[in-house]
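Please read the structure below before turning to the comments.
The values are calculated or read from the model by the stated rules, or taken from the named source; none is laboratory data. Note that the structure is predicted; figures quoted are calculated from it, not measured. Note that each Cβ is placed from the backbone with ideal geometry, even for glycine, and that neighbours are counted across all protein chains shown. Ligands, DNA and RNA are excluded from the accessible area calculation, which covers all protein heavy atoms including side chains. Shrake-Rupley method; radii C 1.70, N 1.55, O 1.52, S 1.80 Å.
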Amino acid sequence: MKDDFKAMSLIDYGWDDRLAREWSERSTTGMFPARIIADYGQMFRVAAPSGELLVNRPVAQFDHELQVAVGDWVALEHAAGVASARISFILTRKTKFSRAAAGNEVKEQIVAANADMVFLMQSLNRDFNMRRLERYLIAAWESGAEPVVVLTKTDCCDDVPGKMAAVCATAPGVAVHAISCVTGEGMAGIRQYFRRGVTVALLGSSGVGKSTLVNTLLGKDYLKTREIREDDSRGRHTTSRRELLLLPEGGLILDTPGMRELSLWEADTGMEIVFGDVEELVWSCRFPNCTHGHEPGCAVQEALRSGKLEQKRWQSWLKLQKELARLEAKKEGKLRLQEKQWGRRFAKLQKEIIKVKHKKS
Ligand SMILES: Nc1nc2c(ncn2[C@@H]2O[C@H](COP(=O)(O)OP(=O)(O)OP(=O)(O)O)[C@@H](O)[C@H]2O)c(=O)[nH]1
Ligand SMILES: [Mg+2]
Ligand SMILES: [Zn+2]
């Protein structure tokens, strides 16, 4: 690790040997490392060796947008004649939690970068939904971060054990916690995850209590949370930006705005982990082109009949498959369009070159 960054608090922000190695290979004189800690749209707030700074969001270059996200480690440099530092490059991400951006454009939106763990949060009173949890689990496994399920508002639920059991069945092998920020129930189990340099990102629908959990861990009302008297079933969004905060006892917590829906962006690994049993069935039907309808020797139908596979889970897999196929088609379409555009540009360039050559000869 370079000596200059040893003494300062970047280590509290998660700076480690892996980053230090990459830094010594890629950085040039005058550059300094920083972690993105808040996204204000046109600007980012970063934690740098000298303290916190504001930097501009990089402008799109050619067809590639340098997509910077909260949690990223970046190299900053001071350009001549410009007051604020400029992002030069992004250090390789350890993990990346993404979703397909809302709207018509086929675009990845990075929700959290370099999180070690992601808390998949649902509230026990209104937001409890195992199909949604499957989606979050897929995206979480895909991200490379470790998922932990956090069920909030135990004080508003009279069947916590029943709901915990449903989660454990949907997310085998994943740690599950039930908490209340009102009574403090389960908070000790949550605190154990926060150690120096460890980043935890909070993900979930609006109103589940993400910002309330941050405030509880901070020990002060720093983030805005919804007023108690406002009905939290209405899907009002209180948090509007992603923000990474250092906790007083060590560790970092990334608050995010509630997601209306989580559209998957990539899902190969995630699907395999969450739906491995279903995928195995699909591959073991007698006919390789089985549609899992009425064919003889269909392993899926057999599992549904015997109760080995839950109907709801099967429907959920089918729905996700359709969604992923649509997404792949859209991605391919976008790629072809980009290739066409590049092709046109290349042809234009070639024409110019020929013209210049003709002039010269
Ligand atoms: N009863 C009860 N209410 C809670 C608990 N945790 C949070 N709340 C309430 O739930 C409401 C929503 O909490 P927020 O922390 O604003 O939710 P959020 O997930 O940050 O929502 P967005 O920022 O919109 O994504 C607030 O009124 C909180 O006071 C809890 O453990 N028990
Ligand atoms: Mg919030
Ligand atoms: Zn079949």
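Tabulated data for the structure shown
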{"quantity": "Candidates Ser263, Ser233, filtered to the one that is within 16 Å of ligand 2 (Cβ to nearest atom), part of a loop (DSSP other than H, G, I, E, B) and modelled with pLDDT under 95", "calculated": "Ser233"}
{"quantity": "Odd one out for Ser263 among (1) over 19 Å from the mean Cα position of the chain (by Cα); (2) not assigned by TED's automatic domain parsing to the domain that holds Asn114", "calculated": "(1)"}
{"quantity": "Selection from region 171-197 of residues that are surrounded by 18 or more Cβ atoms within 10 Å (Cβ to Cβ) and assigned to a helix (DSSP H, G or I)", "calculated": "Ile190"}
{"quantity": "Residue in region 237-252 that is in contact with a strand residue (DSSP E or B) (Cβ under 9 Å, 6 or more places away or on another chain), open to solvent by less than 20 Å² (accessible area, probe 1.4 Å) and within 12 Å of ligand 2 (Cβ to nearest atom) present", "calculated": "yes"}
{"quantity": "So Val150, is it within 16 Å of ligand 2 (Cβ to nearest atom) and out of contact with any Ser or Thr (no Cβ under 6 Å at 6 or more places or on another chain)", "calculated": "yes"}
{"quantity": "Tally of residues being aliphatic (A, V, I, L, M) and buried (at least 24 other Cβ atoms within 10 Å of the Cβ) across region 150-165", "calculated": "2"}
{"quantity": "Residue within region 200-211 that is charged (D, E, K, R) and within 13 Å of ligand 1 (Cβ to nearest atom) present", "calculated": "yes"}
{"quantity": "Yes/no for His237 being out of contact with any Asp or Glu (no Cβ under 8 Å at 6 or more places or on another chain) and near ligand 1 (Cβ under 10 Å from one of its atoms)", "calculated": "yes"}
{"quantity": "Residue among Ser284, Ser316 that is open to solvent by less than 90 Å² (accessible area, probe 1.4 Å), more than 22 Å from Ala166 (Cβ to Cβ) and out of contact with any strand residue (DSSP E or B) (no Cβ under 9 Å at 6 or more places or on another chain)", "calculated": "Ser284"}
{"quantity": "Residues satisfying the stated conditions in region 77-121, i.e. open to solvent by less than 40 Å² (accessible area, probe 1.4 Å), among the hydroxyl-bearing types (Ser, Thr, Tyr) and closer than 25 Å to Asp268 by Cβ", "calculated": "Thr95, Ser98"}
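Residues checked against (1) touching a Ser or Thr at 6+ places or on another chain (Cβ under 7 Å); (2) open to solvent by less than 20 Å² (accessible area, probe 1.4 Å); (3) under 30 Å from Thr95 (Cβ atoms); (4) within 10 Å of ligand 3 (Cβ to nearest atom):
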site: Leu262; (1), (2), (3), (4): no, yes, yes, no
site: Asp268; (1), (2), (3), (4): no, no, yes, no
site: Met271; (1), (2), (3), (4): no, yes, yes, no
site: Glu280; (1), (2), (3), (4): no, no, yes, no
site: Cys290; (1), (2), (3), (4): no, yes, no, yes
site: Leu309; (1), (2), (3), (4): no, yes, no, no
site: Leu320; (1), (2), (3), (4): no, yes, yes, no
site: Leu324; (1), (2), (3), (4): no, no, yes, no
